[in-house]
Amino acid sequence: MKYCKSCKVASLDVVGRCPLCEAILVDLPDSKGFEDLSAQLALMDEDRYPDVVISKSSYSFVKRIYAFLAVLIIGASIAMDILIDSDVTWSIISIAAVLYGWTLIYHAIRTNVHIGSKIFVQAISASVFIVLVDQFTVFEGWSVNYVVPQILTLSNVAIFILMMINRMVWREFVFYQLAMTVIGFVPIALIVFDVVTRPLASIVCIVISAVILVGTVIFGDKTVKSELIRRFHV
């Protein structure tokens, strides 16, 4: 019998993670001395998992609407590229916007996806989209000089704050925090290869990433090591 400390519900299935929040499940206390399983659950003042009903028809309807709008937007952009002599390849930007929009909607709708994962995916997808817009509108470097470092910084700080607030599910945030911190060091390479020409925002991003990394290791202690071993078998 497993139990989720975050959702405060018990699972009859033999699984390692909570199907609601994906937190690590723990074993319930020894049932010795209880008349039956229901008495044990009553003692912990918890209920079993509620029935989760997902409306597949509504989700499918949203996907069809989005696909229809995506085709219209991309089609109009391709027509614009053909009919108008411009230095900007609007169809590429439209395709990037459609893909980013789908990533945003997909991750936002899925309630069973960990919030750390949502922040991480949105930070990466938003950064890629911004760079593509900059690249295909006569690259001026504003994306890598200003916007992307700020996105990475805010995402890093957001995950760290959530991790500190939710100390009971610390382990669940550690992986995403470490991954986000590693991404936060990417501006180092961009500075070295002169892709970033105004490095102030990038330097701030790197420093904050380093501070958060140290903080995660210090506050996480054995949790960080055990999570890395569990994830990567090192």
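No lab work stands behind these numbers, since they all come straight from the coordinates. Source: prediction; values computed, not measured. All Cβ positions, even for glycine, are placed from backbone atoms using ideal geometry, and neighbour counts span all protein chains on display.
The H on the amide N of Arg17, modeled in the peptide plane, is under 5 Å from the matching H of Leu25, each at least 5 residues off or on a different chain. Peptide packing: for 190-202, 133-145, the average count of neighbouring Cβ atoms within 10 Å per residue gives the ranking 133-145, 190-202, highest mean first. For the pair Val26 and Phe139, what calculated FRET efficiency results from E = 1/(1 + (r/R0)^6), where r is the Cβ-Cβ distance and R0 = 45 Å, to the nearest 0.05? Efficiency computed from Cβ-Cβ geometry: 0.35.
Shape annotation for region 76-195: C-alpha extents along the principal axes are 58, 37, 15 Å, from largest to smallest.
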